[in-house]
Amino acid sequence: MIDELRRALSEERVLDTPLARHLYAKDAGVYRGDASVVVLPLTTGEVVDVVKIAARHQVPLVARGAGTGLAAGAVPLEGGIVLSTTRMNQIGDVDPINRTAWVGPGVINLDLSRAVSHLGLHFAPDPSSQAACTIGGNVANNSGGPHCLSEGSTVNHVLALEMVLADGSVVTVGSPAPDPIGLDVRGVVVGSEGTLAIVTAALVKLTTNPPDVRTLLASFSRVADAAATVSGIIAAGVVPAALEMMDQKITQACENFIHAGLPTDAAAILLAEVVGETAAVDAEADLIKSIAVEQQARSVMLAADEAERALLWRARKSAFGAVAQIAPNYYLHDTVVPRTRLVDTLERIYEVGDRYGLTMMNVFHAGDGNLHPLMIFDAGEPGMIDRVTAASDELVKACVEAGGALSGEHGIGREKRDLMPLLFSPIDLDAQARIKEAFDPDGLFNPGKILPRGARCFDTGGGLPDGAWV
Amino acid sequence: MSTIRAALARVANSLTTPGPGMPAADLLVAPRTAEELAAVLEQATISGLKVLIWGGGTHQGLGYPLAPDLIVSVANLNRIVAWEPEDLTLVAEPGVAVAELETLLASKGQTALLPEVPGHGTLGGTLAAGLSGYRRGRYGPTRDRILEVTLVTGDGRIVKAGGRVVKNVTGYDLPRLVVGSLGSLGVIVSACLKLWPTPEAVATVIVDDSDRAALVYRPLAVLASPTKTQIYLGGTPAEVDDQARHLGGERVDELVWPPPLPGPLHWSLRIPPAQGAEAIGRLPSACAYLHQVTVGEIAVATETIEGMAAVRSWAESVGGRLVLTAGTVDGFDRWGTPPQGLDLQRRLIAGFDPARVLNPGRLPGRI
């Protein structure tokens, strides 16, 4: 099979050295898989060849962008071929009036925004990993980021996809025009974590840089006050461009790392940003400030210029990296709850941490209830991994109980696959398995991700009692 | 048929009088619960019935026509299930009237951004037909706001997908796939939508030239008709004043939406927004239109199909479509060229509607 791959691509873009196979068997999370070979196609045609070769040999095929994922979405847990998209990194002609461009899946998120900034445009989804993560990865995970509160996540910024299906056929779904006819296949492929098709190009929608922006940093003595401020802002009818919360421990970590002047003695800080015309942002910033003050904010500071603003965001986006400095090991969670349940969910998270003797830090997209509890620990300590696993389980269940979902933006991957039954009945999971089956009947695209084993189990219609095993 | 009728009567309520505009059919039911509907569709699958799903009947002209055996009305599935104003989410059943829903939401300064001139339109019908309001100019189409959906599939399974949170990557985005699916994956029995607050101040500014809209950052909507352009503003009072002043023109301090276009043929011309001016130039001279300038969608009304084949051919050449949305004609395909990946679409539908009972044959490709 490796020879066939070499003939289809080239010698140097088919890697089967022990080092390559080792490096590509992991993403940024905790799972390690097993890659038999790594391929780096340049064109859609080469991707088609790889898909057909994989099908002929009935070998799993796992697509990978930058491998920044945390849920094992790009980890070849069942072996097979890892298809790295990093060489498919062309940005096509930008249509500056329609504000669209066809881009390869290997284009780095931040590179895309930089490439169009001279046109006064940017790509709105801005995950913290944006200096490394790829558009293909963003499509697979329906990535968000702090600015997706008002802009939406990747699916709202991808108009069309060119993709290779399991049978090797190439289809383009979606359209540069509004309301494409037929089923929204594009909409279901976004967020499908590489299990339905291999995306070879995306028509991205670019966003006009707003005329003006105001960024505020508010600090609080109590987490509840910060959360009440978030609720107050929503209740006042303001939907900021971004609304991020950091607790004291994570603020300290970021401050040690970036030195942005963050208040390290506050129990929680809120980073809020509003965009629009000057009259609008001034009014909204004033409103946010007064709500924060009403909720006993200790200080509210407005970034004076672009440099200060950029520094605040660097500090926020460095949270994960900052923590790496502190502890030998960490587990970054991704959960989401209704905004109204933020405070009590946070309390439960701290309580779980206390009970298991784990340090918990929290940074999150407060505006949309997407929490990122961060557990830090030393895996070398005896029994620690078990404690982390048990605590993680409780944490996720607490969020589900609060009316949340399993993942706000990191995806299900392998990490949360077996927790899907917390949210979905066997009939619900079977329906999702039918979607998978329609795309990939042989189950070769990224097997073992999203849906637990046995999800596809019903052949008949209703009338079966819930939980019946057929 | 009498055994089928008896079986259906056992499981579901029957309407004695069909609703306005309903076509003739042997059987007509209006289930009161998802379970009743499931029993009806299970029976429909067993008996191989062709089912027409009926909300408010406002967009039955979408897609190829169907001569149904059974009409399923969602009129009795009309409850607001949960409204969380502090979380900006709403869960409602398909039969809820869009107009009533928006009035309710407005009482707390919120909106689901559904079509502003809905007539008898229902929530379920709006989602299944993939309809969006004019305010999509700022907020995006309806499909960007569906969070969770519960469906009854063609063979009577009750399936839920998504979640009642505004940010979610938990399994396949079936809710999004359902929007615009014309019921082919199932009858929506519950949907959770993301809401937005209504702006503090609004205004409609009437100008002569639609290019003036470029002066405003993110208007709610820009609607151009043959004689004038209406720019819809929303935001803080200072912002709206500023923008209105910049634009000049006549100003009204509310959102005044245009009346429906005359008939008898209604079209939706969908093109990349930058091609809007060219699109208008290609329309037949005697037609009424409403152009959503920043979106790239033009609603057109004509008396005949004259000139429309050329419009369709051009629209498709720039990656768009011309869809006939209301009115009956012979020999003019309602959708135009089908999208790629029809086999895949068929397989997807087969997983939800194995006997193909729900609105069969209406989608592009006649699937």
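If you take the accessible area of A alone plus B alone and subtract the pair, what total do you get in square angstrom, rounded to 100, with a 1.4 Å probe?
Values: alone 19650 and 16760 Å², together 30200 Å².
Buried area between the two chains comes out at roughly 6200 Å².
Under 5 Å between amide H atoms, partner at least 5 residues away or on a different chain: which partners does residue A:299 have, H built in plane at 1.01 Å?
Correct list: A:219.
For region A:261-278, just list the computed ³J(HN,Hα) in residue order, Karplus coefficients 6.51, -1.76 and 1.60, θ = phi - 60°, integers in Hz, with x standing in for Gly and Pro.
Couplings: x, 6, x, 7, 9, 7, 5, 7, 10, 10, 10, 10, 9, 10, 10, x, 6, 3 Hz.
If you average the alpha carbon positions of region A:248-321 and of region A:81-152, how far apart do those two centres end up, in angstrom?
The two parts, judged by their Cα centres, are 26 Å apart.
Taking chain B as the reference, fit the longest principal axis to its C-alpha atoms, fit the long axis of helix B:308-317 to the helix C-alpha atoms, and give the angle between the two in degrees, 0 to 90, nearest 10.
80 degrees
Relative contact order (percent) for chain A, with alpha-carbon contacts under 8 angstrom and 6 or more residues of separation? Could you put the intermediate results ahead of the total?
Details: 986 pairs, mean separation 67.3, N = 470.
14 percent.
In degrees, nearest 10, range 0 to 90: what is the angle between the Cα axis of helix A:306-317 and the longest Cα principal axis of chain A?
Helix A:306-317 and the main axis of chain A meet at about 60 degrees.
Before I look further, what does chain B give for accessible area per residue, probe 1.4 Å, in whole square angstrom?
Details: 13630 Å² over 367 residues.
Per residue, chain B has 37 Å² of solvent-accessible surface.
In the structure displayed, which of B:167/B:194; A:289/A:317; A:205/B:194; B:108/B:194; A:26/A:436; A:436/B:160 lie more than 18 Å apart, Cα to Cα? Don't jump to the answer; show the numbers that get you there.
Working: B:167/B:194 10 Å; A:289/A:317 23 Å; A:205/B:194 21 Å; B:108/B:194 15 Å; A:26/A:436 24 Å; A:436/B:160 16 Å.
Going by Cα-Cα distance, A:289/A:317; A:205/B:194; A:26/A:436 fall outside the 18 Å limit.
Can you give me the relative contact order of chain B as a percent, contacts being Cα pairs under 8 Å and 6 or more apart? Don't skip to the answer; put the middle values down first.
On the way: 803 pairs, mean separation 62.4, N = 367.
Relative CO of chain B lands at 17 percent.
Residue B:208: accessible area at probe 1.4 Å, nearest 10 Å²?
Number for this one is 140 Å².
Accessible area of residue A:88, 1.4 Å probe, to the nearest 10 Å²?
Only protein atoms counted, so the area is about 10 Å².
Defining a contact as two alpha carbons under 8 Å apart and six or more residues distant in sequence, what relative contact order in percent does region B:60-172 show? If you can, show how the numbers build up before the last one.
On the way: 135 pairs, mean separation 17.9, N = 113.
The normalised contact order for region B:60-172 reaches 16 percent.
Give me the accessible area per residue for region A:267-340, probe 1.4 Å, as a whole number in Å². Before the final figure, lay out the partial values.
Numbers: 3080 Å² over 74 residues.
Value for region A:267-340: 42 Å² per residue.
So how do A:320, B:352 rank on accessible area, 1.4 Å probe, biggest first, that is with the largest at the start? Numbers along the way, then the final one.
Values: A:320 70, B:352 0 Å².
Most to least solvent-accessible, the answer reads A:320, B:352.
What does the helix-only formula give at 222 nm for chain B: each DSSP H stretch with n ≥ 4 adding -39500 (n - 2.57), the total divided by the residues, and the result rounded to the nearest 500 deg cm²/dmol?
Details: 10 runs with 88 residues, N = 367.
Mean residue ellipticity at 222 nm (helix-derived): -6500 deg cm²/dmol.
Within region B:181-261, list the GluC sites (Glu not before Pro) lying in a DSSP loop whose Cβ has at most 12 other Cβ atoms in a 10 Å radius. All intermediate terms of the calculation are to be shown ahead of the outcome.
Details: sites: B:200, B:239, B:250, B:254; in loops: B:200, B:254.
Taking region B:181-261 and a limit of 12 other Cβ atoms within 10 Å, the loop GluC sites (Glu not before Pro) found are B:254.
Could you give the angle, 0 to 90 degrees to the nearest 10, between helix A:223-235's Cα long axis and the longest principal axis of the Cα atoms of chain A?
Approximately 80 degrees, to the nearest ten.
Report, to the nearest whole %, how much of the accessible area of the protein assembly as shown belongs to carbon and sulfur atoms, 1.4 Å probe, protein only.
In the protein assembly as shown, the share of accessible area belonging to carbon and sulfur is 52 percent.
For region B:167-178, what does the Karplus curve 6.51 cos²θ - 1.76 cosθ + 1.60, with θ = phi - 60°, yield as ³J(HN,Hα) per residue in whole Hz, taken in order and with x for Gly and Pro?
Going residue by residue, I get 9, 7, 10, 10, x, 6, 7, 4, x, 5, 5, 6 Hz, with x marking Gly and Pro.
The values are calculated or read from the model by the stated rules, or taken from the named source; none is laboratory data. In this text, all values refer to a predicted model and were calculated from it rather than measured experimentally. Note that each Cβ is placed from the backbone with ideal geometry, even for glycine, and that neighbours are counted across all protein chains shown. Ligands, DNA and RNA are stripped out before the accessible areas are found, and what is left, the full protein with its side chains, is counted by its heavy atoms. Shrake-Rupley method; radii C 1.70, N 1.55, O 1.52, S 1.80 Å.
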